[in-house]
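Below: the structure, in structure tokens.
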Amino acid sequence: MWAHRTGELSMYKRMSPRDYTVVADVEDSSVVSHSIPDQETTNPSWRLSFPHVLAATISAFLFGYHLGVVNEPLESISFDLGFNGNTLAEGLVVSTCLGGALIGSLFSGWIADGIGRRRAFQLCALPMIVGASISATSKTLAGMLLGRLLVGTGMGLGPPVASLYVTEVSPPFVRGTYGSFIQIATCLGLMGALLFGIPVREIAGWWRICFWVSTVPAGILALSMMFCAESPHWLYKQGRTAEAEAEFERLLGGAHVKFAMQELSKLDRGDESDVVHFSELFYGRCFRVVFIGSTLFALQQLSGINAIFYFSSTVFKNAGVPSDLANVFVGIVNISGSVIAMVLMDKLGRKVLLLWSFFGMAVSMGLQVVAASSNMLGSGTLYLSVGGMLMFVFTFAIGAGPVPGLLLPEIFPSRIRAKAMAVCMSVHWVVNFFVGLLFLRLLEQLGPRILYTIFGTFCLMAVVFVKRNVTETKGKSLQEIEIALLPPE
């Protein structure tokens, strides 16, 4: 079998990118008189790319874990480090990682393009290991903040690289399913942090163990990337054609290598500079897709999802449910929605899930507004409030949560993909920061009814935006999507 693959590849093993372009042009012109090759009509085995995608999602697990790692232990941390009762210091412990995440996401595109996807994952794991170790051994607030800042840079670098990598190594027919793994891994990381933090009230110094534990998956991520395939798209852009072929064979199988390389060559005619200037993302042919991506991430955060997560414990407390059990309920609903999204992503498509997700979130906010109305009293209010919140989390998880991170690498042209993702993720973190900063103050000044109405309005705006601007990418190769959105001039 291996000998057969070697013979099959020998005809084009040393072909240059331009040679592939010639072959692709010849085959395109003769498509009427020749039957379509097998590799165009049959799907490669998903089992070949699955281990590589699974390894990449460890970064998403770490992202979720570090988002939730200080939630339960925060009181113990503040007592042990001497800032108990200082709400500003407690807020800094929670939010310092967001500043680091913004820094990491800003540079993620240049790092992923400069050193490759695999090394970017390893670089992402390094500050997470060092930062978690500093936090675990810290004796002062300054040490804790330094550790959280370093961890944040890894958090900012990981998600955009994971989205890029999963998109570029996945066969088109399972790309949506694999993209959903990122959201599921994030949910599992968040739940893992919450559950692992439960003993913190009974065991002195347990919060240090919570930080130490996170170094294990970070180390596994760095180690596993030594054995994973590099993105063939990145290798091809670097002119390393033979290596791109070899990685395609690992990911798709030998029978699909030639067609995959010809698909790449359709977008590389040798008439574009390899250097992408930052200004190119904000005007010209690429501005529209960057605008769509940035707006999707902004609307995702302006929908109020993080505010709902923040306020969930209070809602459950009013209903008589302990905070630990409340976190479990929210986590189960979140994971359930993510699993359903994984099943439906490559069946219904990205656009359909986005539309129904944002619409469901708007309806959920409507239930919250009714629950917050002074005209309703008693248990009916609690049922509406709890039900509306869980419905909001569920509808978010089936579309607005997982789809943008998958859709954007699909619609961005290969040449700007990494840097465009960096810009969009930076918008995500900036909006996330300001929503978290202003939520409690707006809740105090406007009241829950008006604030939830504002969030619901943003959800409806997202429905209109998706309907008018988002293109369906289900089952299409990245090259087909790029040609459809940005036809050659």
Some residue of the stretch 363-383 being of a type outside the set (A, V, I, L, M), out of contact with any His (no Cβ under 8 Å at 6 or more places or on another chain) and at pLDDT 85 or above: yes
Residue within the stretch 114-125 that is within 15 Å of A422 (Cα to Cα), under 17 Å from the mean Cα position of the chain (by Cα) and at pLDDT below 90 present: no
Matching residues, the stretch 153-162, being open to solvent by 10 Å² or more (accessible area, probe 1.4 Å) and out of contact with any Phe, Trp or Tyr (no Cβ under 8 Å at 6 or more places or on another chain): T153
Only listed residue being more than 14 Å from the chain's Cα centre (by Cα), at pLDDT 85 or above, open to solvent by 10 Å² or more (accessible area, probe 1.4 Å) and within 18 Å of Q301 (Cβ to Cβ), chosen from V431, V427, V393: V431
Condition met for F181 (more than 20 Å from N432 (Cβ to Cβ), open to solvent by 10 Å² or more (accessible area, probe 1.4 Å) and touching a Cys at 6+ places or on another chain (Cβ under 9 Å)): no
Checklist (1) crowded, with 21+ Cβ neighbours inside 10 Å; (2) over 19 Å from F359 (Cβ atoms) applied to A462, failing item: (2)
The stretch 201-230: number of residues that are part of a helix (DSSP H, G or I), open to solvent by 90 Å² or more (accessible area, probe 1.4 Å) and modelled with pLDDT under 95: 1
Those residues of the stretch 100-129 which are assigned to a helix (DSSP H, G or I), in contact (Cβ under 8 Å) with a residue 60 or more places away in the chain and not hydrophobic (A, V, I, L, M, F, W, C), in sequence order: S105, S108, G109, D113, R117, R118, R119, Q122
Boolean, K317 is open to solvent by 40 Å² or more (accessible area, probe 1.4 Å), assigned to a helix (DSSP H, G or I) and at pLDDT 85 or above: no
Verdict on E168 being part of a helix (DSSP H, G or I), touching a residue at least 12 places away in the same chain (Cβ under 8 Å), among the charged types (D, E, K, R) and closer than 18 Å to M225 by Cα: yes
Cβ pairs under 7 Å, 6+ apart, first in the stretch 171-185 and under 22 Å from A255 (Cβ atoms) and assigned to a helix (DSSP H, G or I), second open to solvent by 30 Å² or more (accessible area, probe 1.4 Å) and among the hydrophobic types (A, V, I, L, M, F, W, C): V174/W46; T177/M342
Residue that is of a type outside the set (S, T, Y) and within 22 Å of F433 (Cα to Cα), where the choices are L81, L123, L67: L67
Test result for I454, crowded, with 21+ Cβ neighbours inside 10 Å and at pLDDT 90 or above: no
Options L188, L149; residue that is under 15 Å from the mean Cα position of the chain (by Cα) and surrounded by fewer than 23 Cβ atoms within 10 Å (Cβ to Cβ): L188
Candidate set: the stretch 130-140, residues that are part of a helix (DSSP H, G or I) and of a type in the set (S, T, N, Q); chosen: the one surrounded by the fewest Cβ atoms within 10 Å (Cβ to Cβ): T137
Tally of residues being open to solvent by 30 Å² or more (accessible area, probe 1.4 Å) and farther than 15 Å from R201 by Cα across the stretch 64-83: 2
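Okay, residues lined up against (1) within 16 Å of the chain's Cα centre (by Cα); (2) modelled with pLDDT under 95; (3) at positive phi:
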site	(1), (2), (3)
S95	no, yes, no
G99	no, yes, no
S105	yes, yes, no
S108	yes, yes, no
I111	no, yes, no
S133	no, no, no
T140	no, yes, no
L145	no, yes, no
Y165	yes, yes, no
Those residues of the stretch 226-259 which are farther than 25 Å from W110 by Cα and either aliphatic (A, V, I, L, M) or touching a strand residue (DSSP E or B) at 6+ places or on another chain (Cβ under 8 Å) (or both), in sequence order: L252, A255, V257
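The values are calculated or read from the model by the stated rules, or taken from the named source; none is laboratory data. Treat the numbers as computed from the prediction; the structure is a model and nothing was measured. Virtual Cβ from ideal backbone geometry, glycine too; neighbours counted across all protein chains shown. Heads up: the accessible areas ignore ligands, DNA and RNA and are worked out on the full protein's heavy atoms, side chains in. Shrake-Rupley method; radii C 1.70, N 1.55, O 1.52, S 1.80 Å.
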